[in-house]
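Written below as structure tokens is the structure these notes are about.
The values are calculated or read from the model by the stated rules, or taken from the named source; none is laboratory data. Since the structure is predicted, the reported quantities are computational estimates derived from the model, not experimental observations. Cβ atoms come from the backbone with ideal geometry, glycine included; neighbour counts cover every protein chain shown. In case anyone asks, the SASA skips ligands and DNA or RNA and just uses the protein heavy atoms, side chains included. Shrake-Rupley method; radii C 1.70, N 1.55, O 1.52, S 1.80 Å.
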Amino acid sequence: MVLKVFFPQCCNRADSGLMVGRWISGHDSAVVLAVIHYPFIPGQVKQYIQQMQAQSGVELSVLGSWSLPKEGQEGMESFLRDLSTIFPQERWLQINREIGKTGFTCQILDRDQNGRAVQRESKKKTEKADKANGEAGGDKEEEEEEEEEKVIFVHYEQRKVMQSQLHPVENGVSDPKTDPPSELRQVFQTVARSQPLFFLDRYDDGPLKSTHWQTEGREASIIVELLKQASVPLCLLIGWLLSIWTWICGIRLFSLYPLRFLSSKLSTCVQLSYRTEHMRTLSSMKPAVGHTQFMRKANILVSFLVDVALGMLLIWWLYRDNHITMLANTLVPAADHVAKELEQLLQWLMGAPAGLKMNRALDQVLGRFFLYHIHLWISYIHLMSPFIEGILWYGGLSACLGLTFALSLLSDMVALLTFHIYCFYVYGARLYCLKIYGLSSLWRLFRGKKWNVLRQRVDSCSYDVDQLFIGTLLFTILLFLLPTTALYYLVFTLLRLVVVLFQGVLHLSVDFINSFPLFAMGLRVCRSYRLAEGVKFRVLCEEPGTALHLLMEINPLKCSTVVQTYRTPTYSCYPKDSWAALVKKLFVGELIYPWRHKTTKTD
Amino acid sequence: MMEDEAFTDINGKSISLDCQNHSGFCREFTVSSSKVSIGKVMVYTSGVWLLAYTVFFFTENTAVLTCAILVTLVGMMLHIHFVKVDHESLLVIGSLGIQVSSSYASGRETTTFIEQSKIKDIVINEAIYMHQIIYYLCVLLKDPSEPDVVSSVVPLFQSSKPRLNCLVKVYKSCQEILSKC
């Protein structure tokens, strides 16, 4: 096997000393975490390592010695070798770096069970190996021959590796016996968990001095620390407000049938309950456990802030220069205009639309029925027109809760203002549906068959002459009346589809704002190493006589994967049924609804 | 140690294989495919512009010409950024893993690293591609929990598609390293 040494880049120029780190069992690799400098008292080092081990939960140990000789510091070879007796280990690494050379040389000292040191050296291999084998036994001979000078140095940037999160994220501690994490994952975990080791900087007065990425001083942001302090009372306040809000929602008046039904249909109410749930997640006093939950919270918070900011922008635009009044003044004439256009359309349908010859009596009946409906609708709008400006003014205020609220409110208002189109669509669809079903069952009668309800299949059946006669007569009548109904159905379905499309776009944009992982995207763009998909290696220097040096860089996650992984789960907004199913529904005359299914929640 | 040899890909275009021996158990193979030929660029560009000019001749709308220029520019950028692979490399590090990377003509690089514990083997495989049967090199992956089952396959040198003689050379030296560790 080849020995892999993961070496932090910040320790390249460290003074000579002891390397602290961890052996990864089963993979023949060592992770160097820090270098403790001379002079030190071995007892204190052992105590320090034990203390760190207790704090971090990583099996830390002294891996070996590191030497970067400076002027006047020669002849340390024997001293370094003696150190291995003070810190008893199965293996002792002795890494040297010489001035003027970029590569390191590494010697490995093996200690067998008897406590005798078996030494392998890269340069004086033959002599030493023979001597060692003579002591350790002939079995190991071939192995030792092969193993010489097989060391890979993998240089890693400690800060990035510590802060990055390898994907896919592992939640919880998996059973180590069944599925041990891969080698790289273990390296990442080791570096991330031994954070207490990096708190000792050069300004500390302790007995030990060490080199790692925070030697020059601990890195932290004042703003982040202040925000952390401020978040506690803020969470308390939000939690209190939320409890009041849930108390109000819990009043029995609201759980009465019509109100509950209405609130489940209005997208503003849905958005409100959704936002409440979000705020509840945010305001919980427990700190986030694990990476996934932290990212979820952060994503929700950033989405919320962006949403409110966009809403404020909208308010600023609405209430400046009296845009509200302008909107209200255009809304009523627009509704009037739509009604007038509809009336003209109906008049056209009642004549001979596109040269088609309709059944005159049925055509007149249907046309008059719809015309009366439009008349009712126009009078309703005119009754409302004095209040529309007030409604808009107060409704616009809801944008301070976020742009999503304004959009949801807009969607609801569109639904209310186009209620007549919905009514027409439902009447047309019901009539058409009735005809289609009647025709299909009479067509069966025509062929001497019938639908067996118990067996859910078509059976043959013998009819009387009277039954056949009446059935055929009805079939003929229905067939000849079908084009008239189908035409009305077609026109009103098209109108309805336009409204549904508009509402669908609104719902999609609300869903997009709610679920887009802005924080994760920001991390991906600004600190691409934080979300790692894996690693990539680059071969560093090649000096003959030294070991292979690799540079480990972090491979950032793809943007599409970021969105997929960190998307906040929301109510699904996409059409549940496929396009073919939708067309079939339209053809048969079943009702279609806007793209929102409240009961299904997708993760 | 460096070697540079000329081979051909399955379409008969010349490609070059570059083996770099970093150490006894670390080797890098780079397959560079031919560069974008200027003739091809000229043909496509002039094709689009001539088409745009004919449309302009009948409609007399200058927006058509602007669109044509934009289309050629954006198309070229997309082509060199997402389609045209300049060279693909395979870095085999004994006992650590295999790194596959491909760099595009614009300088974009995509890299994936496969850990040793996931690698089952490297093999040369046959595949039906359009109307012909081609050979390709691929890494067989396994799940560490089930070492005998091939869980998935990662094809190598996907865009340059070298011929068998080149693949055999890469295959032999990969096996040499893998058998050592």
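With R₀ set to 30 Å, the beta-carbon distance separating residue A:494 from residue A:580 gives a calculated FRET efficiency near 0.95. When all protein chains stay in place and ligands, DNA and RNA are ignored, the 1.4 Å accessible-area order of A:369, B:82, largest first, is B:82, A:369. Between the listed residues B:19, B:38, B:113, the Cα displaced farthest toward the positive end of the dipole of chain B, a dipole computed from Cβ unit charges relative to the Cα centre, is found at B:38.
The alpha carbons of the range A:387-539 give a radius of gyration and a Dmax of 28.0, 94 Å, in that order. Once the C-beta distance of residue A:446 and residue A:373 is scaled by a Förster radius of 51 Å, the resulting FRET efficiency is 0.90 to the nearest 0.05.
Kirkwood-based Rg over Rh for the range B:1-134 (C-alpha set), two decimals?
Working: Rg = 21.0 Å, Rh = 18.4 Å.
Rounded to two decimals, Rg over Rh is 1.14.
Dipole of the protein assembly as shown computed with +1 at Lys/Arg Cβ and -1 at Asp/Glu Cβ about the Cα centre; of A:92, A:35, B:141, farthest Cα towards the positive end is B:141.
Against the criterion of solvent-accessible heavy-atom surface with a 1.4 angstrom probe, A:455, A:91 sort, most first, into A:455, A:91. Taking 7 Å steps out from each Cα toward its Cβ at residue A:243 and residue A:264 produces label points 3.0 nm apart. Note on residue A:509 and residue B:168: the model spin-label points, each 7 Å out from Cα along the C-beta direction, lie 6.4 nm apart.
Ordered from longest to shortest, the equivalent ellipsoid semi-axes for the range B:38-82 are 22, 12, 5 Å, each the square root of 5 times a Cα gyration tensor eigenvalue. Put a dot 7 Å past the Cα of residue A:288, heading toward its Cβ, do the same for residue B:60, and the two dots end up 6.3 nm apart.
With Cα atoms as the point set, the radius of gyration and Dmax of the range B:72-121 evaluate to 14.5, 47 Å.
Between residue A:222 and residue B:149, what FRET efficiency comes out of the Förster formula 1/(1 + (r/R0)^6) with R0 = 60 Å and r the beta carbon distance, rounded to 0.05? Provide the component values of the computation, followed by the final result.
Working: r = 53 Å, r/R0 = 0.89.
It comes to 0.65.
Springs join every pair of Cα atoms under 10 Å in this Gaussian network model of chain B, and among B:86, B:121, B:148 the largest mean-square fluctuation is at B:148. With respect to chain A, whose longest principal axis is taken over its alpha-carbon atoms, helix A:579-588 is tilted by about 20°.
Shown here is the pair-distance distribution of the range A:195-319: with all Cα-Cα distances grouped in 5 Å bins from zero up to the longest one, the shares run 2, 8, 11, 14, 14, 13, 12, 8, 5, 4, 4, 3, 2, 1, 0 percent.
Note on residue B:153: accessible area is roughly 70 Å² with a 1.4 Å probe, heavy atoms of protein only.
Give me a single rounded figure for B:23-29: the average over its residues of other chain Cβ atoms within 10 Å of their Cβ. Walk me through the numbers on the way to the answer.
Working: counts 11, 4, 4, 7, 0, 1, 0.
Per residue, the number of nearby Cβ atoms from other chains is 4 on average.
Ignoring ligands, DNA and RNA, how much accessible area is buried between chains A and B, both sides summed, with a 1.4 Å probe, to the nearest 100 Å²? It comes to approximately 1600 Å² buried between A and B. For the set B:13/B:40; B:120/B:180; B:40/B:84; A:450/A:584; A:536/B:161, the pairs lying more than 19 angstrom apart at their alpha carbons are A:450/A:584; A:536/B:161. Charges were assigned to the Cβ only: +1 to each Lys and Arg, -1 to each Asp and Glu. The resulting dipole of the protein assembly as shown about its Cα centre is roughly 3620 debye. Residue A:560 contributes an accessible area of around 80 Å² to the protein surface, as traced by a 1.4 Å probe with all chains present. Here is what passes the span test in chain B: the DSSP H helices with alpha carbon length of 30 Å or more along the helix axis and a Kyte-Doolittle mean of -1.0 or above are B:38-59.
I need the per residue convex hull volume for chain A, using only the alpha carbons, in cubic angstrom as a whole number. Present the calculation step by step, with values, prior to reporting the outcome.
Values: hull volume 175.2 nm³, N = 603.
Each residue corresponds to 290 Å³ of Cα convex hull volume.
Computed on chain A, with alpha-carbon pairs under 8 angstrom and 6+ residues apart, the relative contact order is 15 percent. Adding -39500 (n - 2.57) for every DSSP H run of four residues or longer, then dividing by how many residues chain A holds, sets the calculated 222 nm ellipticity at -18500 deg cm²/dmol. Solvent-accessible area of residue A:19, all protein chains in place: 0 Å² (probe radius 1.4 Å, heavy atoms, ligands and nucleic acids excluded). Using only Cα atoms and rounding to the nearest 10 degrees, what angle (0 to 90) does helix A:419-446 make with the longest principal axis of chain A? Roughly 80 degrees between the two axes. Go through A:101/B:169; A:4/B:118; A:265/A:286; A:70/A:209; A:4/A:70 and tell me which ones have a Cα-Cα distance over 23 Å in this structure. Violating the 23 Å Cα-Cα cut-off are A:101/B:169; A:265/A:286; A:4/A:70.
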